[in-house]
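Below is one structure; the comments refer to it alone.
The values are calculated or read from the model by the stated rules, or taken from the named source; none is laboratory data. Just so you know, these numbers come straight off a predicted model, no measurement behind them. So basically every Cβ, Gly included, is an ideal-geometry build from the backbone, and we count neighbours across all protein chains shown. We work out accessible area using only protein heavy atoms, side chains counted, and drop any ligands, DNA or RNA first. Shrake-Rupley method; radii C 1.70, N 1.55, O 1.52, S 1.80 Å.
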Amino acid sequence: MTDAKLSLAEKDFGYPVLSGSVGPDVIDIRKLYGQTGAFTYDPGFTSTASCQSKLTYIDGDEGVLLHRGYPIGELAEQSSFMEVAYLLLNGELPKGDELNKFESTITRHTMVHEQLATFFRGFRRDAHPMAILCGVVGALSAFYHDSTDIHDPTQRTIASHRLIAKMPTIAAMAYKYSVGQPFQYPDNSLSYTGNFLKMTFGVPAEPYEVNPAVEKAMDRIFILHADHEQNASTSTVRLAGSSGANPFACIAAGIACLWGPAHGGANEAALNMLQEIGTPDRIPEFINRAKDKNDPFRLMGFGHRVYKNYDPRATVMQKTVREVFEALNVSDPLFETALRLEELALSDDYFIEKKLFPNVDFYSGVILSAIGFPTSMFTVLFALARTVGWVAQWNEMITDPDQKIGRPRQLYTGPTARPYVSLDER
Ligand code: CMC
């Protein structure tokens, strides 16, 4: 193990350099403050590894994303969301009987406490479904007390299964509530994704047939969103969990963070942007706005903190758009606008120099609206899928012997100590 040397106030210090299985080395500065009395300063954690993890690896320069070592493209093409969920939670791909058992366990947790239905009625009909999701998932801790002891591995597993299983039910209920249709109970004869489609689009008045092509595309979209290393919402889940908070509260915190337009809210924002652009002839105007330092507008679905190359999830997503259009025999001029926008942006010096490429959110909105989801549901679907990653990361954190409560420090720039001034003297 080599040391990183630091000279500070004419003294020399050494810090161990740790190597992961792949990826950049990490300077272990845990003793830095104790030895030097100084902190590091890293807003946005651009140079900080907050934990060690065996789950997901990203090489942003090469555009690589691996879950437990398996490339995302191979998982999206050949696996299923349930298999990826098992992989993320347990570390290995399941054997046939393990997958059957896992699917059956998840299926048997899909119903929610009947009283939760009344909880929904407290929301306005026009509430954003992410607001509903955040509230209802947080409320799960009030309904499932028997799986909130984070020190009990069995309870942790039950809570994890409950969250993965109930999220589609809650997401579909949020949708049904917003359109004024009755909630649909889960159908255990269907796949995880088929059941979600039925709970969302089915009505009691007529039978609902799951379209296998849509089911496959949706399942793939879930795989593409399952986990993504220490992103903002995952770090939020870990930070919330580091205090010992129960898993339902932690996932609700993750949902709140995901909602922002710089993160999971970008899929909704990207489709709104494509609609605003409308026709390809208006693209240059929007590209110019995105480049203008005085205009806060950004190309939504473009750029990424880690990827400085094409987001591998966007490649699969673009292919899936064509498959869904073919299966549903539809087309959408916005897809042509998106393709042209990508082409023009990728040949523009601003985007080339800053290495800004389409990310997972650029094409997902086009597919989701073709399937029939309103834009307000897009981030809900992201949250549904990301729950698997959040739960896996939360479990990993709880069992990490190095885990401590997350407590960053600061560079204080406010007033120094001064005497209180009474009201009549101010
Ligand atoms: N359009 C125009 N300029 C951009 C964009 C964009 N989409 N993204 C980054 N830039 C510019 C930015 O203005 C900055 O320029 P300068 O160096 O001259 O100040 C430079 O590129 C670096 O940007 P940054 O904001 O410092 O980079 P970051 O790593 O902090 O932000 C990001 C990453 C994803 C928040 C950002 O690229 C962005 O806002 N993109 C649009 C929103 C989006 O699509 N988000 C989804 C991310 S993928 C899904 C997810 O993880 O949730």
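Over the stretch 3-49, the alpha carbon radius of gyration divided by the compact-protein estimate 2.2 N^0.38 Å works out to 1.23. Heavy-atom accessible surface of Glu336, to the nearest 10 Å², is about 100 Å², with a 1.4 Å probe and all protein chains retained.
Taking Ala290, Ala85, Ala338 in turn, the Gaussian network model of the chain (Cα-Cα springs below 10 Å) assigns the largest fluctuation to Ala290. Using only alpha-carbon positions in the stretch 152-227, the gyration tensor eigenvalues give semi-axes of 23, 16, 11 Å once each is multiplied by 5 and square-rooted (largest first).
Taking the Cα atoms of the chain, the ratio Rg/Rh between the radius of gyration and the Kirkwood radius comes to 1.00. Farthest towards the positive end of the charge dipole of the stretch 3-49, among the residues Gly14, Leu32, Ala49, is the Cα of Leu32, using unit charges on the Cβ of Lys, Arg, Asp and Glu.
Ordering Pro312, Ile398, Pro358 by the projection of their Cα atoms onto the charge dipole of the chain, which places +1 on the Cβ of Lys and Arg and -1 on the Cβ of Asp and Glu, puts Ile398 at the extreme positive end. Heavy-atom accessible surface of the chain, averaged per residue, reaches 50 Å², computed with a 1.4 Å probe. In a reduced charge model with +1 at each Lys and Arg Cβ and -1 at each Asp and Glu Cβ, the stretch 182-232 shows a dipole moment near 60 debye about its Cα centre. Helix 129-143 and the longest principal axis of the Cα set of the chain meet at an angle near 80°. Of the chymotrypsin sites (Phe, Trp or Tyr not before Pro) in the stretch 344-426, the ones in a loop by DSSP (not H, G, I, E or B) with at most 12 other beta carbons within 10 Å are Tyr412, Tyr420.
Magnitude of the charge dipole for the stretch 76-400, about its Cα centre and with charges confined to Cβ atoms of Lys, Arg (+1) and Asp, Glu (-1), is about 620 debye. Per-residue SASA remark: Ile27, around 90 Å² accessible (1.4 Å probe; ligands, DNA and RNA not included).
Ordering 399-406, 108-115, 248-255, 319-326 by mean Cβ neighbour count within 10 Å, with the highest value first, yields 248-255, 319-326, 108-115, 399-406. Residue separation of Asn100 and His145 scaled by 0.36 nm, minus their Cα-Cα distance, works out to 13.5 nm of gained length.
Measure off, as a whole percent, the carbon and sulfur share of the 1.4 Å-probe accessible area of the stretch 3-49, all protein chains present. Summing carbon and sulfur atoms, their accessible area is 55 percent of the total for the stretch 3-49. Solvent-accessible surface of protein heavy atoms, probed at 1.4 angstrom with all chains present, puts Leu339, Leu55 in the order Leu339, Leu55, largest first. Put +1 on the Cβ of every Lys and Arg and -1 on every Asp and Glu Cβ in the stretch 76-400; which of Pro212, His113, Phe102 then has its Cα farthest towards the positive end of the dipole? Going by the charge dipole, the pick is His113.
Here, the stretch 201-329 has an Rg and a Dmax of 18.4, 53 Å when only alpha carbons are counted. Magnitude of the charge dipole for the stretch 3-49, about its Cα centre and with charges confined to Cβ atoms of Lys, Arg (+1) and Asp, Glu (-1), is about 100 debye. Tell me the trypsin sites (Lys or Arg not before Pro) within the stretch 46-105 that lie in a loop according to DSSP and have at most 16 other beta-carbon atoms within 10 Å. Counting only loop positions with at most 16 other Cβ atoms within 10 Å, the trypsin sites (Lys or Arg not before Pro) in the stretch 46-105 are Lys54, Lys95.
For the cross-link pairs Lys319/Lys355; Lys54/Lys308; Lys166/Lys216; Lys101/Lys216; Lys355/Lys404; Lys54/Lys404, which exceed 25 Å when the distance is taken from alpha carbon to alpha carbon? It would help to have the intermediate numbers written out before the result.
Details: Lys319/Lys355 22 Å; Lys54/Lys308 22 Å; Lys166/Lys216 20 Å; Lys101/Lys216 21 Å; Lys355/Lys404 35 Å; Lys54/Lys404 18 Å.
Pairs exceeding 25 Å: Lys355/Lys404.
Report, in degrees rounded to the nearest 10, the 0 to 90 angle that the Cα long axis of helix 378-398 makes with the longest principal axis of the chain. Long axis of 378-398 versus the principal axis of the chain: about 50 degrees. The angle between the Cα long axis of helix 361-371 and the main principal axis of the chain comes to about 20°, on a 0 to 90 degree scale.
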